[in-house]
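Everything below concerns the one structure shown next.
The values are calculated or read from the model by the stated rules, or taken from the named source; none is laboratory data. Every value quoted in this text rests on a predicted model; they were computed, and no experiment measured them. Backbone-built Cβ (ideal geometry, glycine too); neighbour counts: all protein chains shown. Surface areas here come from the heavy atoms of the whole protein model, side chains and all, with no ligands, DNA or RNA. Shrake-Rupley method; radii C 1.70, N 1.55, O 1.52, S 1.80 Å.
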Amino acid sequence: MRKAAVLTVAAAVVLAGGLVACERKPDLRPAAEPERPAPKAPAAAKAPKVKTNSDWAFGRGQNSVEIVHLPGGDVDRADLRLVCAKGDGFMIWAPTFKRETGRNRLAVEGGGEVQGLVVADVAKGVQATGPITGGLLAIVESGKPLTISHGTQALGPLEAPPEGMRRAFADICRGLYRAGEV
């Protein structure tokens, strides 16, 4: 009987220990906040579609500013240069044109304006120069297609250079003019 009592007590201890082991003691540490998914960033506003024009390039020298038309973005095929330079005023060069005898003017049109410049003798193409005028700068700034013509030859209408490029060209050109450098 003694053995049975010992086994009964042992069984009771095991059962009690098992029950104690299953019993959870309260956790006194502060509970960690449940993991939450990171908030989604607000959707970025869709940028307005901007038409890019890779056919124009802009250049600035110490004493000049220039816009060049590059068909297809090819630097070897430049077909028009608009330059405002110290000491030279406004200059337009159309390297694909041929000088026409008896024609001493090159016309630039855009935005309802037409301005003429005097053609100079150059080895290649047709180059024309003249003073900087509000009319010439209005044509550049208009954002309207540009057309250059000399006699029976015409280039354009060409899509206008991008707005920032037009504005920078005109502002720098005006600055050179006001400073008396052009």
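Below are the figures for this structure:
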{"read-out": "Residues within segment 108-141 that are surrounded by fewer than 16 Cβ atoms within 10 Å (Cβ to Cβ) and among the hydroxyl-bearing types (Ser, Thr, Tyr), tallied", "value": "1"}
{"read-out": "Given (1) within 15 Å of residue 82 (Cα to Cα); (2) open to solvent by 40 Å² or more (accessible area, probe 1.4 Å); (3) aliphatic (A, V, I, L, M), number of the condition residue 160 does not satisfy", "value": "(2)"}
{"read-out": "Among residues of segment 121-148, those that are aliphatic (A, V, I, L, M) and over 20 Å from residue 65 (Cα atoms), counted", "value": "2"}
{"read-out": "Scan of segment 124-146 for residues that are among the small types (Gly, Ala, Ser) and within 22 Å of the chain's Cα centre (by Cα), ordered by number", "value": "142, 143"}
{"read-out": "Output for segment 94-107, where each listed residue is closer than 18 Å to residue 67 by Cβ and open to solvent by less than 60 Å² (accessible area, probe 1.4 Å)", "value": "94, 95, 97, 106, 107"}
{"read-out": "Qualifying positions in segment 138-177 - assigned to a loop (DSSP other than H, G, I, E, B) and within 27 Å of residue 99 (Cα to Cα)", "value": "144, 145, 151, 152, 159, 160, 161"}
{"read-out": "Residue within segment 111-120 that is of a type in the set (A, V, I, L, M) and not in a strand (DSSP E or B) present", "value": "no"}
